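Novice: Okay, here's the structure, questions in a sec.
Quick note: the coordinates plus some simple rules give every number you see, no bench work behind them. Remember, it's a predicted structure, so these values are computed and weren't measured experimentally. Virtual Cβ from ideal backbone geometry, glycine too; neighbours counted across all protein chains shown.
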């Protein structure tokens, strides 16, 4: 279901932007997933007007609210991670512009997956393209509230504020082949596969190496587990908001190109008033036949103000 903001954006687009296969530009990949190394092109479909005569170039960005926070802390701000591609007129009609060059899909070495969109100078946006270095992947998480959220707080930007501990967070899990996978909930107090702090340490180092900050910023020597914990304000111990798998999650998930599964995360128990907190979690989706074959979902941050208000930053 499209958010009100996305409906507004679509209604005011001057062009429709799509990820397409490099070898067949009629095949739209937007909203789907590909594996690393896949060659794609960028396509715009538009009608001439007094204010828009097609894009001259496309800018590709890697998405993720938590990733953007890390870049602002470590890498000197938000950058176009995928680069900029010039456009060329395409054949046929209505008027079509294609990226002059092919783009080779890449993914983070830490998360094993990345999510991209591209834009033109007029602010038109494509749908997402998920790139995974393994067969499985996760979609951007979304909140399913059991009560009304405060108006004017778009998911992924200001967060969604709910009273008490209501609502569940849903993660879509799919695959480009047919692996059987298991789910590990990663937390700031977890260990082994469930260690969120060790993962965030690696992610911060990856971002810093890719985006050196000319004005200083956090040095590699600051990335101890305790410094990472303090930087985000996460508790050392479980509670009061502890992520738990909702419903009756199967021990093993079967996913493939035609079948995705939704995994729900909710608090293990109600959050008491008069106790503020900050915490976070992510999901590690692991191939049951090879524990080294995994992806890590977006990090979801959860904040409580001590007055019964819980904010989810997705």
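Novice: Mind ranking 168-176, 188-196, 44-52 by how tightly packed they are, going by the mean number of other C-beta atoms within 10 angstrom, highest first?
Specialist: Working: 168-176: 19.8, 188-196: 16.4, 44-52: 13.2.
Packing proxy ranking, top to bottom: 168-176, 188-196, 44-52.
Novice: Which peptide among 251-263, 288-300, 114-126 comes first, and what is the full order, when sorted by highest mean count of other Cβ atoms within 10 Å? Display every interim value, and only then the final one.
Specialist: Numbers: 251-263: 14.5, 288-300: 17.8, 114-126: 19.5.
Descending packing order for the listed peptides: 114-126, 288-300, 251-263.
Novice: Based on the Cβ-Cβ distance from residue 225 to residue 26, what FRET efficiency comes out when R0 is 45 Å, to the nearest 0.05?
Specialist: Working: r = 49 Å, r/R0 = 1.09.
E between residue 225 and residue 26, to the nearest 0.05, is 0.35.
Novice: Pop the C-beta distance of residue 106 and residue 256 into the FRET formula with R0 = 22 Å and round what comes out to the nearest 0.05. Provide the component values of the computation, followed by the final result.
Specialist: Details: r = 23 Å, r/R0 = 1.06.
The computed FRET efficiency comes out at 0.40.
Novice: Further question on the same structure: Report the gain in length on full extension from residue 276 to residue 237: 0.36 nm times residue separation, minus Cα-Cα distance, nm rounded to one decimal. Provide the component values of the computation, followed by the final result.
Specialist: Numbers: separation 39, 0.36 × 39 = 14.04 nm, distance 1.38 nm.
Residue separation times 0.36 nm, minus the Cα-Cα distance, leaves 12.7 nm.
Novice: I would also like to ask the following. Just subtract the alpha-carbon distance of residue 52 and residue 180 from 0.36 nm times their residue separation and send over the number in nm, one decimal.
Specialist: Numbers: separation 128, 0.36 × 128 = 46.08 nm, distance 4.72 nm.
Net length gain for the segment: 41.4 nm.
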